[in-house]
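Bear in mind that the values in this text are calculations on the coordinates, not laboratory data. None of these values were measured; they are calculated from a predicted model. All Cβ positions, glycine included, derive from the backbone under ideal geometry; neighbour counts span all protein chains shown.
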Amino acid sequence: MTLTAAPGAPAAPAGVRPAALRRRRTVGLALCALAVLLAVVASLAFGTRVVGWSDVVAGVFAPDTSDIAQAAVRSRVARTVLGLLVGAALGVGGAVLQGLTRNPLADPALLGISSGASLAVVLGIMLLGLSTLSQYVWLAFAGAAISSVLVYAIASLGREGATPLKLALAGAATTAALGSAVSMVLLSRTDVLDTFRFWQVGSLGRASFPEIAQVLPFLVVGTVLALGCARGMDAIALGDDVAVGLGRRVGAVRAVGGAAAVLLCGTAVAAAGPIGFVGLVVPHLARTFTGPSHRWLLPSSAALGAALLLAADVVGRVVARPQEIEVGIVTAVLGAPVFIAIIRRRKVAEL
Amino acid sequence: MTAVLPPATTVPTGATVARGRRARLRRRRVVLLVLAVAVVAVAGVALCVGERSYPPSEVLRVLLGEQVPGASFNVGVLRTPRVLTGVLVGIAFGMGGVVFQTMLRNPLASPDIIGVSAGSSAAAVVAITMFGLSGTTLSAVAVVAGLVVAAAIYALSWRSGVQGARLVLIGIAVGAMLDSVIAYALTRAGVYDASEALRWLTGSLNSAFWPGVAPLAGALAVLVPTLLVLARRLPALQLGDDAAAGLGVRPDRSRLALLLVAVAVIAVATAATGPIAFVAFLSGPIAHRLVRGTGPLLVPAALVGALLVLVADLVGQHLLVHRFPVGVVTGVLGAPYLLWLLARTNRSGGSL
């Protein structure tokens, strides 16, 4: 099973001929694309308000704003676009994190990246009186970058480098540390608490096109950087020494890939709040049909991530009518069991 | 420094070994005595100082049961249960934490980090915000939920035996899941309930009054001695499963018993005050530095825990611009220490 192979384990899955592998990858990618399409349709069609199919079509292409059903569909468009972007960013970001750290458990939320963003946002609300999403974006972004570097630096101290256990513990500990600073602020300022508690839960419900336009450049740059070092990450998967022997500049690949991961994850957190487990689960799923090659893994992760996040969002909208459950909660509740399954499948010695 | 000497050429004689042992024992006794005195002293200060301060003599008279106008209410009704609760939960968190850390052989594997406390917190927050529970029912729910979550973590990490690393990772995953439940409950609550729940999440002594002290003390009077007895197996477990089995300690059974009692201790304390941040995590390593590996850490860690809670509560009540609950103070004090410890253990690979 490729699922149990270390991320980017050498070469193709054993016993698969190149032609068969190519076919499997193509079919897999096509299925992912189909899944995205279905998720988009579902995301436009289903929601807190039940609408007919004719309203869905009309709402997307020629909205009649006086019709409430069509207006509801219209409002789902921005949400769907944001879901696609954030899901793809989390998928690619997770795959890059896992590839660079050679760590099957790397995920932006578990590694404390989101908590850095949270602290930055809280401080921004309190000290600078910020209140709109476009203002949070930058802060969340800076916070995410700082805390991800901090967590990785702490975990990679010591002889064996950043092992999965050390990374997970460093992430959890940093989250706890930053969390207590956040609650110190929140307890003394009820007004800040009232603004923050809604941001703290990852959600697509606040999407709007101006904000999407604002985060889009970051996502594009991050994706390009990530794709640019795909081959380098394939080499790193063989071990740093081998990668150097193959003529890769390991330091450069790590730096560029790390920048890509922070850009992607930080922007996703900034745009939608902390959403856990998507970045963790998606690359593992994608690897089952792409094998370890990052040139296939990254696009597949993007497509799968987008599809999964949208699907989770639709689930959250439908299960608790007339209210909705934020997507960050749905992914955590569905994703944690997958994480546990991954841990249970591996021998602890490998961790 | 012995480390820079060339490999020892002389074998220490029996007399040297005995002298060393006596010196270590003396050091341990001194440290324990100093800690105990410090706890009593800080408790005394906490009783005397407040919005209205009283001289020690009046406080003593109140404690001896005399009626002193003013002081009887302020000290006897308000401050004494607060201090007692602080001491008790400090002991509980310190002991429970150090058992986890020693057993899992990782100072970071304390209950507040690997999701054990999160069970109680999540249950309490849901109970407050969605069902409007309070008082004894709330405490009971928190205790039961803490035990259930810990059992679930243990069961999930079971795969022909439980390994420490797997337990830690699964605990982190379960903790992350529970955190999102908490976040969800917070968004569904009115802002007053939300801040009430948040206070509960950080840990606070503000709701410590006489009716709550007796159940807490009763539960701990049973659990703490049990934990002390069970903890005799810890040194063997620390050597690894195979060595422990060779020494006549059944690793899985002992670990389960220890975990169960330690979780119960933590859950009872959490139900009384909320999970006071980082006390369970900090007490063990601090106690270790103080007694320098001269014996079991449970009692020193318990004293350190009590001291931490009392001092942090004093600071939070009187020394800051706002009145902060004790958990915020320990959290903010603990965070830098946590990061430092993280960096240090990773570099040296030490166990505590």
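Please work out whether chain A counts as rounded, prolate or oblate from its C-alpha gyration tensor, where a ≥ b ≥ c are the square roots of the eigenvalues and a/c under 1.5 means rounded, while otherwise a/b larger than b/c means prolate and anything else oblate? Provide the component values of the computation, followed by the final result.
Values: a/c = 1.95, a/b = 1.24, b/c = 1.58.
Judged from the Cα gyration tensor, chain A comes out oblate (a/c at least 1.5, b/c at or above a/b).
Measuring from centroid to centroid over Cα atoms, what is the spacing of region A:248-266 and region A:48-111 in Å?
So the separation of the two Cα centres works out to 26 Å.
For region B:21-116, would you read off the P(r) tail past 19 Å as a percentage of all alpha carbon pairs? Kindly include the intermediate steps, with their values, before the conclusion.
Numbers: 2686 of 4560 pairs.
Everything past 19 Å amounts to 59 percent.
If I take every Cα pair under 8 Å that is 6 or more residues apart in region B:72-206, average their sequence separation and divide by the length, what percent do I get for the relative contact order?
31 percent
Quick one: A:V73, A:V269, B:V265, A:V27, fewest Cβ neighbours within 10 Å first, how do they rank? Write out the running numbers ahead of the final one.
Details: A:V73 23, A:V269 32, B:V265 28, A:V27 11.
Ranked by crowding around the Cβ, least crowded first: A:V27, A:V73, B:V265, A:V269.
Which whole-number percent is the relative contact order of region A:46-111 (Cα, under 8 Å, 6+ apart)? Don't jump to the answer; show the numbers that get you there.
Values: 38 pairs, mean separation 12.1, N = 66.
Relative contact order, region A:46-111: 18 percent.
For region A:292-348, rounded, prolate or oblate, judged on the Cα gyration tensor with a ≥ b ≥ c (square roots of eigenvalues), a/c < 1.5 rounded, else prolate if a/b > b/c? Display every interim value, and only then the final one.
Working: a/c = 4.61, a/b = 1.45, b/c = 3.17.
Verdict is oblate for region A:292-348.
Obtain the radius of gyration and the Kirkwood radius of region B:122-166 from its C-alpha atoms and give Rg over Rh.
On the way: Rg = 14.1 Å, Rh = 11.9 Å.
Taking Rh as the inverse mean 1/r over Cα pairs, Rg/Rh reads 1.19.
Within a 10 angstrom radius of each residue's Cβ in B:183-192, how many Cβ atoms of other chains show up on average? Whole number is fine. If you can, show how the numbers build up before the last one.
Values: counts 11, 8, 2, 7, 9, 3, 1, 1, 5, 1.
The per-residue average across the peptide is 5.
Tally Lys/Arg at +1 and Asp/Glu at -1 over every other residue whose Cβ is under 14 Å from the Cβ of B:L256; what's the total? Intermediate results must be reported in sequence, preceding the final value.
Working: positive: B:R233, B:R250, B:R253, B:R255; negative: B:D241, B:D252.
Cβ neighbours under 14 Å give a net charge of +2.
Computed FRET efficiency, Cβ-Cβ of B:T136 and A:T288, R0 45 Å: what is it to the nearest 0.05?
After rounding to 0.05, the efficiency reads 0.35.
Which of the listed residues, B:G44, A:G328, A:G291, is farthest toward the dipole's positive end in the protein assembly as shown, when Lys, Arg count +1 and Asp, Glu count -1 at the beta-carbon?
In the protein assembly as shown, that residue is A:G291.
On average, how much area does the Cα convex hull of chain B cover when viewed from any direction, in nm²?
Numbers: hull surface 84.0 nm².
Computed as one quarter of the Cα hull surface, the answer is 21.0 nm².
Rounded to two decimals, what is Rg over Rh for region B:161-254 when you use alpha-carbon atoms and the Kirkwood radius? If you can, show how the numbers build up before the last one.
Working: Rg = 19.7 Å, Rh = 17.4 Å.
With Rg and the Kirkwood Rh in hand, the quotient comes to 1.14.
How high is the relative contact order of region B:220-352, given as a whole-number percent (alpha carbon pairs under 8 Å, six or more residues apart)? Display every interim value, and only then the final one.
Values: 99 pairs, mean separation 26.5, N = 133.
Averaging sequence separation for qualifying contacts and normalising by length gives 20 percent for region B:220-352.
In nm, to one decimal, how far is the modelled label at A:A255 from the one at A:L37, with both set 7 Å along Cα→Cβ?
Spacing of the two 7 Å Cα→Cβ label points: 4.3 nm.
Identify, among B:P225, B:V265, B:I276, the residue whose Cα sits farthest towards the positive end of the charge dipole of region B:175-296, taking +1 on the Cβ of Lys and Arg and -1 on the Cβ of Asp and Glu, with the dipole about the Cα centre.
Farthest towards the positive pole: B:P225.
Return the whole-Å distance between the Cα centroid of region B:208-284 and the Cα centroid of region A:20-37.
52 Å
Is the protein assembly as shown best put as rounded, prolate or oblate by its Cα gyration tensor, with a ≥ b ≥ c the root eigenvalues, rounded for a/c under 1.5, and otherwise prolate when a/b is larger than b/c, oblate when not?
Working: a/c = 2.20, a/b = 1.37, b/c = 1.61.
Oblate, since a/c reaches 1.5 and b/c is not below a/b.
About the Cα centre, and with charges only on the beta carbon of Lys, Arg (+1) and Asp, Glu (-1), how big is the dipole of chain B? Nearest 20 debye, please. Each step should come with its number before you reach the end.
Details: 27 positive and 11 negative charges, 298 e Å.
Approximately 1440 debye in magnitude.
Quick check for me: using +1 on Lys/Arg Cβ and -1 on Asp/Glu Cβ, what's the dipole size of region B:208-266 about its Cα centre, in debye to the nearest 20? Don't skip to the answer; put the middle values down first.
Values: 5 positive and 3 negative charges, 22 e Å.
It comes to approximately 100 debye.
Estimate the FRET efficiency between B:R26 and B:L319 by the formula 1/(1 + (r/R0)^6), using the beta-carbon distance for r and 25 Å for R0, to the nearest 0.05. Working shown, then result.
Working: r = 35 Å, r/R0 = 1.41.
Computed FRET efficiency for B:R26 and B:L319: 0.10.
How high is the FRET efficiency from B:L247 to B:W210, r the C-beta distance, R0 45 Å, rounded to 0.05? Don't skip to the end; give the middle numbers.
Working: r = 46 Å, r/R0 = 1.02.
After rounding to 0.05, the efficiency reads 0.45.
Which order do the peptides A:321-329, B:308-316, B:116-124, A:28-36 take when ranked by the mean count of other beta-carbon atoms within 10 Å per residue, highest first? List each step's numbers first, then the result.
On the way: A:321-329: 19.6, B:308-316: 24.7, B:116-124: 29.1, A:28-36: 17.1.
Going by the mean number of other Cβ atoms within 10 Å, highest first, we get B:116-124, B:308-316, A:321-329, A:28-36.
Dipole of the protein assembly as shown, Cα-centred, from +1 at each Lys and Arg C-beta and -1 at each Asp and Glu C-beta, to the nearest 20 debye?
Working: 54 positive and 26 negative charges, 499 e Å.
Using Cβ point charges on Lys, Arg, Asp and Glu, the protein assembly as shown gives about 2400 debye.
Putting +1 on Lys and Arg Cβ atoms and -1 on Asp and Glu Cβ atoms, find which of A:S75, A:A58, B:A145 reaches farthest to the positive end of the dipole of the protein assembly as shown.
B:A145
Send over the semi-axes of region A:25-138's equivalent ellipsoid, whole angstrom and largest first, taken as the square roots of 5 times the C-alpha gyration tensor eigenvalues. Can you show the working numbers first?
Working: eigenvalues 210, 129, 16 Å².
Over the Cα atoms of region A:25-138, the semi-axes work out to 32, 25, 9 Å.
Please identify the DSSP H helices in chain A that span no less than 15 Å along the helix axis (Cα) and have a mean Kyte-Doolittle hydropathy of -0.5 or more. Spell out each step's value before the answer.
Values: long enough: A:18-45 (40 Å, 1.39); A:68-101 (49 Å, 1.18); A:113-123 (16 Å, 1.94); A:133-156 (34 Å, 1.50); A:164-188 (36 Å, 1.42); A:209-228 (28 Å, 1.70); A:250-272 (32 Å, 1.76); A:278-290 (18 Å, 1.05); A:294-319 (37 Å, 1.15); A:327-345 (27 Å, 1.83).
The qualifying helices are A:18-45, A:68-101, A:113-123, A:133-156, A:164-188, A:209-228, A:250-272, A:278-290, A:294-319, A:327-345.
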